[in-house]
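Just below is one structure, and these are the notes that go with it.
Laboratory data are not the source of any read-out in this text; all were calculated from the coordinates shown. All figures in this text were calculated on a predicted structure; none of them were measured in a lab. Glycine also receives a Cβ, built like all others from the backbone with ideal geometry; neighbour counts cover every protein chain displayed.
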Amino acid sequence: MNAISALDDIERKALQEALDDEYKAHTTYDQVIRDFGPVRPFINIVDAEARHISALLSLFEKYEIAALANRWPGKVSRFSSVHAACVASIQGEIDNVAIYDRALKTTQRSDIISVYQALRSASQDRHLPAFQRCAQRPSRDDA
């Protein structure tokens, strides 16, 4: 059986930062759903965030690193409207892409790079445009 070489501190820190940000996004989007009901795009994206967390946790398991606990329940922003939540979520997704841009520079491991690229792409190519469309819709809740 081949031993997997341990991650260095920089690789570990990048994984932890990515997981923490995915926890934050999932908790934020879940809070929006609890506050406003099953609204789009949050109902779709919260499920994607759960898959992102799972993908990252599989790397923690593979490299035998203790995963951080989700520190975000009860600590995420609350919004006055779905529109406000969408506007704020645009920046959250931009920040998430930046995290993956930095993380991709921390490792040469193809499995980790593959996960980072997939999660970055989901944020950049799917989540961000969905929140931008939401923010451009006429706001029904501000009337």
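Within the stretch 56-69, the set of residues being in a helix (DSSP H, G or I) and buried (at least 17 other Cβ atoms within 10 Å of the Cβ) comprises Leu56, Leu59, Phe60.
Which pairs do you get when a residue that is without any contact (Cβ under 8 Å) to a residue 12 or more places away in the chain and among the hydroxyl-bearing types (Ser, Thr, Tyr), found in the stretch 120-132, comes within reach of a residue that is part of a helix (DSSP H, G or I) and surrounded by 21 or more Cβ atoms within 10 Å (Cβ to Cβ), reach meaning Cβ atoms under 9 angstrom, with the pair 6+ apart or on two chains? Pairs found: Ser121/Tyr100. Put simply, of Ile99, Ile65 the only residue that is within 21 Å of Gln124 (Cβ to Cβ) and of a type outside the set (Phe, Trp, Tyr) is Ile99. Just to be sure before I move on: is Ser89 farther than 25 Å from Asp8 by Cβ and assigned to a loop (DSSP other than H, G, I, E, B) in the structure I sent? When the stated conditions are applied, Ser89 does not pass them. For the stretch 27-45, a residue qualifies if it is free of Cβ contacts under 8 Å to residues at least 40 places away in the same chain and closer than 18 Å to Ser123 by Cα, and the qualifying residues are Asp30, Ile43. Under the condition of being over 16 Å from the mean Cα position of the chain (by Cα) and assigned to a loop (DSSP other than H, G, I, E, B), which residue from the stretch 11-47 is surrounded by the fewest Cβ atoms within 10 Å (Cβ to Cβ)? Taking the candidates together, the pick is Pro38. I'd like to know if the stretch 109-119 contains one or more residues that are part of a loop (DSSP other than H, G, I, E, B), aliphatic (A, V, I, L, M) and at negative phi. No - not one qualifying residue is present in the stretch 109-119.
Here Val97 fulfils each of the conditions (1) in contact with a Leu (Cβ under 9 Å, 6 or more places away or on another chain); (2) of a type in the set (Val, Ile, Thr); (3) in contact (Cβ under 8 Å) with a residue 60 or more places away in the chain apart from (3).
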